[in-house]
Amino acid sequence: MMVKTLFAGFGGQGVLMMGQTLAHGAMSAGYHVTYLPAYGAEVRGGTANCTVAVSDDEIASPIASELDNLVVLNAPSLFSFQNRIAAGGSLFMNSSIIGVEPSRKGIRIFKIPSSEMAEKLGNPRAANTVMMGALMKVTGMVPPDIFLSSMAAVMGSKKKSIVEINQKAFMAGYEFLK
Amino acid sequence: MTKVLMQGNKVIAEAAIRAGCRFYAGYPITPQNEIPEYMAERLRQVEGGVFVQSESEVAAIHMVIGASAAGARSMTSSSGPGISIKQEGISSMAACQLPAVIVNMMRGGPGLGNISPSQGDYFQATRGGGHGDYRTIVLGPASAQELADLTMDAFDLADRYRTPVMILADGMMGQMMEPVVFKEPEPRAYPEGLIMKGAGAGKRKIIRGLILDPLALEEHNWMLDRKYRTIARQETRCELFRTEDAELILVAYGTAARIAKGAIKRLRDAGIRAGLFRPISLWPFPTNEVRDLATRIENFLVFEMSTGQMVEDVRLAIQGEARIGFFGRPGGVVPTPVELANVVMRRYDRERGITECC
């Protein structure tokens with residue numbers, strides 16, 4: 001098994017956090033894992049992305065030429081990356097913010113109104129974690145209990161109330177897709 | 001032994017702290033800025049730790065010289081353009097036989113180039129880099145785990161041979177997060193008598209790289225040469241991957257070696273029995289080990305993220321005993337395993353071997 005997932009969105013939407021929690025969760029679940037952020041001459045308010053590879057074997061390249069999963073939080077990221085999804089791969093999009101339809105065919109599409117869902121839970125900034133719930137439901141990469149404890153570990157330095165809201169956000173995303 | 005998920009640059013810094021590094025000086029440059037950032041925090045926490053963000057790379061390397069002479073395990077780090085500036089000090093350390101660890105997270109060059117991962121600094125690292133007759137031990141890690149292990153080993157090697165040791169990795173190794181387990185470091189064994197801490201009532205000690213008498217400097221050069229020969233005999237390291245039944249060997253180090261491993265899986269699926277020879281010590285180069293392979297395998301393809309540097313060491317080692325091809329992507333381009341596998345399939349013919357040479 002080898003699953004490559006790319007996360008993308010505006011800087012500040014928690015894009016890198018999504019990748020780190022998946023990487024940590026997959027490590028805790030016993031997989032080989034690599035996490036590679038896009039780095040460069042980035043600007044505040046610009047786009048951010050990162051790639052996570054999860055495998056039961058040694059991982060050759062942390063870069064994905066084809067994506068098994070793409071998680072996008074804003075429209076520019078959808079335009080940039082939808083064509084990198086492998087045939088039969090999955091697209092997870094934040095439909096609260098992305099008002100357009102993906103042009104890409106031959107893939108599974110999951111629309112999650114994650115910003116609205118997070119806002120209802122009391123913190124619109126947890127939209128990224130709602131997406132993680134949906135991603136874990138569909139892919140089954142990391143069991144929810146392991147994911148939640150990994151998320152708490154990655155968020156270690158943050159306030160307890162923030163961790164709690166994110167746990168609720170994860171479960172909301174997990175239960176949103178039947 | 002707990003497994004932690006850590007970014008490559010921070011792995012190096014944490015491994016250094018655990019190995020007893022208590023002095024770091026450096027000047028910022030992408031893609032290695034997390035090393036000084038992490039060192040600034042950790043050296044504040046450990047007893048006797050000193051961190052300096054220096055005014056320049058030249059200052060940083062000379063501060064490392066001073067700290068090393070005074071007995072501290074010392075480190076500096078940079079990327080290509082900064083490493084070039086540090087060469088004067090590295091040459092001095094070789095001359096004065098002072099231990100230190102220098103990290104180069106390579107980026108695209110020459111000049112300021114760009115900040116993407118590259119392997120264009122191989123010549124500079126393995127040929128000494130600075131002026132004069134000297135060598136630097138160079139280690140080329142290919143995973144976060146090796147960043148941790150080789151950084152700790154680098155401090156031990158630097159002490160044992162009283163010479164600067166370089167960790168040669170690239171921007172991708174520095175930015176990537178992977179699981180890592182930190183091993184227990186060896187206790188430091190560095191002779192107290194070598195440390196400059198004031199003569200007191202004892203004999204005066206001098207460390208110097210200026211030896212004006214040609215005969216004396218010649219003797220100094222031969223003495224260093226004997227040391228380098230000992231290192232070359234004792235400290236080569238390499239990994240062999242699926243070479244037992246191989247008809248074709250890819251040779252690659254660091255990030256390129258990971259890509260090669262991915263390509264080998266695809267080549268094997270296509271019926272080509274490919275294997276990997278991965279030098280871990282880039283100087284001393286594992287010459288005998290690659291030559292041994294060439295006694296039974298006829299085809300080698302060297303893959304580097306450069307226009308072709310390590311390929312010269314492979315040619316020197318194999319000395320015409322096998323066909324050697326080369327494939328390179330310089331300038332900060334990281335090719336995929338699929339691309340490399342396609343290149344091999346295009347250039348390798350079972351009847352005629354590697355058909356397109358460099």
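Per the accessible-area calculation with a 1.4 Å probe, the total area buried between chain B and chain A rounds to 1700 Å². For a paramagnetic label modelled on A:Lys159 (point 7 Å from Cα along Cα→Cβ), amide N atoms under 15 Å away belong, within region A:122-148, to A:122-126. Each Cα pair under 8 Å and six or more residues apart adds its sequence gap; the mean of these over the residue count of region B:126-242 is a relative contact order of 24 percent.
Within the accessible surface of region B:179-222, defined with a 1.4 Å probe on protein heavy atoms only, the carbon and sulfur portion equals 60 percent. Less than 5 angstrom separates the built amide H of B:Glu239 from those of B:Arg278, B:Ile280, all sequence-distant by 5 or more or on a different chain.
Taking a ≥ b ≥ c as the square roots of the Cα gyration tensor eigenvalues, with a/c under 1.5 meaning rounded and otherwise prolate when a/b beats b/c, else oblate, which class fits region B:238-354?
Rounded, since a/c falls under 1.5.
Backbone phi angles across region B:129-136, fed through the Karplus curve with coefficients 6.51, -1.76 and 1.60 (θ = phi - 60°), yield HN-Hα couplings of x, x, 8, x, 7, 8, 10, 10 Hz in residue order; Gly and Pro are listed as x. In region B:244-263, burial by the other protein chains removes 40 Å² or more of accessible area from B:Arg258, compared with the chain on its own (1.4 Å probe, ligands and nucleic acids ignored). Among the residues of A:27-35, the average count of other protein chain beta-carbon atoms within 10 Å of the residue beta-carbon is 4. Quick one: work out the % antiparallel among DSSP beta bridges in chain A, nearest 5. Antiparallel: roughly 50 percent of the beta bridges in chain A. Under the classification rounded if a/c is under 1.5, otherwise prolate if a/b is larger than b/c and oblate if not, where does the protein assembly as shown fall, given a ≥ b ≥ c as square roots of the Cα gyration tensor eigenvalues? The shape class here is oblate.
Taking Cα centre as origin and charging only the Cβ of basic (Lys, Arg, +1) and acidic (Asp, Glu, -1) residues, the dipole magnitude of region A:1-146 rounds to 420 debye. For the residues of B:170-177, the average number of beta carbons from a partner chain within 10 Å of their own beta carbon is 5. The residues of chain B expose, per residue, 41 Å² of accessible area to a 1.4 Å probe.
Site pair B:Gln234 and A:Glu116 shows an inter-label distance of 7.1 nm when each label is modelled 7 Å from Cα along Cα→Cβ. Pull out a ≥ b ≥ c, the square roots of the eigenvalues of the alpha-carbon gyration tensor of chain A, then state rounded if a/c is under 1.5, prolate if not and a/b is larger than b/c, and oblate in the remaining case. Here chain A falls in the rounded category. Under a model in which nothing but the beta-carbon of Lys, Arg (+1) and Asp, Glu (-1) is charged, region B:82-195 shows a dipole of about 320 debye around its Cα centre.
Extending 7 Å from the Cα toward the beta-carbon at both A:Val100 and B:Val338 defines two label points whose distance is 2.4 nm.
Below 12 angstrom from the Cβ of B:Pro141, what's the summed charge of the other residues (Lys, Arg +1; Asp, Glu -1)?
So the surrounding residues net to -3.
Spin-label model, A:Ser149 to B:Thr307: label points 7 Å out along the Cα-to-beta-carbon direction sit 5.4 nm apart.
Computed from the Cβ-Cβ distance with R0 of 35 Å, the FRET efficiency linking B:Ala199 to B:Glu88 stands at 0.80.
Evaluated with a Cβ-only charge set (Lys, Arg +1; Asp, Glu -1), chain B carries a dipole of roughly 320 debye about its Cα centre, given to the nearest 20. Accessible surface for chain A, divided over its residues, is 43 Å² per residue with a 1.4 Å probe. Residues B:Met196, A:Met136, A:Met117 ordered from highest to lowest accessible area at a 1.4 Å probe: B:Met196, A:Met117, A:Met136. With R₀ fixed at 41 Å, the C-beta to C-beta distance from A:Met2 to B:Val46 puts the FRET efficiency at about 0.55. With θ taken as phi - 60° and the Karplus curve 6.51 cos²θ - 1.76 cosθ + 1.60 applied, the whole-hertz 3J(HN,Hα) list for region B:18-32 is 5, 6, x, 5, 10, 9, 9, 10, x, 10, x, 6, 6, x, 10 Hz, x standing for glycine and proline. Of B:Met172, A:Pro62, A:Leu135, whose Cα points farthest to the positive end of the dipole of the protein assembly as shown (charges on the beta-carbon: +1 Lys, Arg; -1 Asp, Glu; origin at the Cα centre)? After comparing all options, I get A:Leu135. For A:Lys4, the solvent-accessible surface with a 1.4 Å probe is about 30 Å², rounded to the nearest 10.
If one computes the Cα centroid of region A:2-42 and of region A:103-122, what distance in Å separates the two points? Here the answer is 18 Å between Cα centres.
The distance from the alpha carbon centre of region B:195-236 to that of region B:295-344 is 37 Å, rounded to a whole number. Rounded to the nearest 500, the 222 nm mean residue ellipticity of the protein assembly as shown from helices alone is -12500 deg cm²/dmol, with -39,500 (n - 2.57) taken per DSSP H run of at least 4 residues.
Could you check how much of the accessible area of region A:2-176 is carbon and sulfur, as a whole percent, using a 1.4 Å probe?
Of all accessible area on region A:2-176, carbon and sulfur atoms account for 52 percent.
The values are calculated or read from the model by the stated rules, or taken from the named source; none is laboratory data. Since we're looking at a predicted model, the values are computed, not measured. For neighbour counting, all protein chains shown are included, and Cβ atoms are generated from backbone atoms with ideal geometry for every residue, glycine included. In case anyone asks, the SASA skips ligands and DNA or RNA and just uses the protein heavy atoms, side chains included. Shrake-Rupley method; radii C 1.70, N 1.55, O 1.52, S 1.80 Å.
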